[in-house]
1. In segment 337-360, which residue that is among the charged types (D, E, K, R) and outside any loop (DSSP other than H, G, I, E, B) is nearest to ASP302 (Cα to Cα)?
2. Of all residues in segment 117-135, how many are surrounded by fewer than 21 Cβ atoms within 10 Å (Cβ to Cβ), farther than 19 Å from SER278 by Cβ and out of contact with any strand residue (DSSP E or B) (no Cβ under 6 Å at 6 or more places or on another chain)?
3. Within segment 110-120, is there a residue that is of a type outside the set (Gly, Ala, Ser) and in a loop (DSSP other than H, G, I, E, B)?
4. Which ones in segment 233-259 are touching a strand residue (DSSP E or B) at 6+ places or on another chain (Cβ under 7 Å) and either part of a helix (DSSP H, G or I) or among the polar types (S, T, N, Q) (or both)?
5. Within the group PRO186, PRO209, which residue is surrounded by fewer than 17 Cβ atoms within 10 Å (Cβ to Cβ), in the same structural domain as SER323 (by TED's automatic domain parsing) and in contact with a Gly (Cβ under 8 Å, 6 or more places away or on another chain)?
6. Can you tell me which of (1) under 20 Å from ALA112 (Cβ atoms); (2) part of a strand (DSSP E or B); (3) among the hydroxyl-bearing types (Ser, Thr, Tyr) is the one TYR13 doesn't meet?
7. Just the residues that are surrounded by fewer than 16 Cβ atoms within 10 Å (Cβ to Cβ) and either under 16 Å from GLN111 (Cα atoms) or at pLDDT 95 or above (or both), please, taken from segment 14-27.
8. Sort out for me the helices (runs of 4 or more DSSP H) sitting completely within segment 274-336 that have 3 or more residues that are of a type outside the set (Lys, Arg) and surrounded by 20 or more Cβ atoms within 10 Å (Cβ to Cβ).
Amino acid sequence: MRLLFFALTKRQYRYFKKLSINLKFKSKIIFFPSLKLDLNGLKVIKDIDIKSILDIKFKEIEIKYSNKIHRALYKILLQIQIPWVIIVIYRELNRFKPDYLILWNGKKFHQALALEVAKYLNVKSIFFENGILPDTTTMDFKGVNASNSMVRDIEFYRELDYKDIKLPKNLEIRVSNRKREIFNTPIPKRYIFIPFQVAYDTQIIQHSPWIRDMFQFFDLIEWLANRIDISFVIKEHPSDRVSNYNKLYNRAGKNIIFSSENTQKLIENSLAVMTINSSVAVESLLFKKRVIVLGEAFFAIDGLVKVATSKDEILEILNDLDSWQVDNRVVDNFLYYLYYEYLIPTNWREPNSKHYKAIRDRILN
């Protein structure tokens, strides 16, 4: 078995280095940028839909950076990098001839280009990401998040018969990447919990078909708050490094508040959790909470959660909230399958022998 790892950050490189040592396969790591080139790779460019990859990245840049000159220069730099990425990946794939190209996420700009070159050369890929449940890692041969290989059929989970299997009871505490405003507003008794997401993340840019960003999400919440006697509690995503929601803080009022409270506490005390496609939705299922999903997600399965594709559908769900009973058995079966069959045990930041064995076994199988 031959594995080629493609790393873009020091964290990715360190993790992939550990995998390359402990999996005991023939392996190699590319740490981009690299000067090992093969100009024959330029012939691949005409067969790649570069425009779609650039369009997605440009959306991220527009959200992430406010300076017009900064945005323009960044876009030019990316277009210069396209042939560079392609000829680097082409060289290693063509010379090393791996069975698998290993990527983190696979939806970001550089990884998306690498993936297209791998497809051109008929090399399969394996995708890694943060774990969806505490102390886990995602590994998938198809993709991550809404593109993953989890079964989408509710009947599949109804027919499973797991018994006496434990699930995590405590969520990982996410530390914010920047100094944030602290909100100490008292939490209302009846509320819907709204976890904001990273505005420039692929989850929003690529898998939120009708809600453009958190500002539009707030508009939706405001519309709902004016039509129903339920409060909404919003918590910002701790990993969002650039979004400025000062205007939204000023618009928040009696039925809409921002909170800095612990996420698990906000989940446990809520009437329901409403999200575009945050992993908080899956965490909420651990506590048997009603979950409303508005975007594309592997857990957007009717019978497991409520899926809404318009504000009127959401309003109808909230008006009928008291009659909505969560199917605990189906939720447990889904979570058991996710935790014990799909996810890799232990966090990728602290891998151990159990982690390496699970990955090795999955590749061999």
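1. Here the residue is GLU341.
2. Here the count works out to 4.
3. no
4. TYR249, ASN255, SER259
5. On the way: PRO186 fails: in contact with a Gly (Cβ under 8 Å, 6 or more places away or on another chain).
Unique residue meeting the criteria: PRO209.
6. Among (1) under 20 Å from ALA112 (Cβ atoms); (2) part of a strand (DSSP E or B); (3) among the hydroxyl-bearing types (Ser, Thr, Tyr), TYR13 violates only (2).
7. If the condition is that a residue be surrounded by fewer than 16 Cβ atoms within 10 Å (Cβ to Cβ) and either under 16 Å from GLN111 (Cα atoms) or at pLDDT 95 or above (or both), then ARG14, LYS17, LYS18, ILE21, LYS26 are the ones that fit.
8. Details: elements: 280-285, 311-319, 328-336.
In segment 274-336, the matching helices (runs of 4 or more DSSP H) lie at 280-285, 328-336.
The values are calculated or read from the model by the stated rules, or taken from the named source; none is laboratory data. Just so it is clear, the structure is predicted and the values come from calculations on it, not from any experiment. Heads up, the Cβs are rebuilt from the backbone with ideal geometry, glycines too, and the neighbour counts pull from every protein chain shown.
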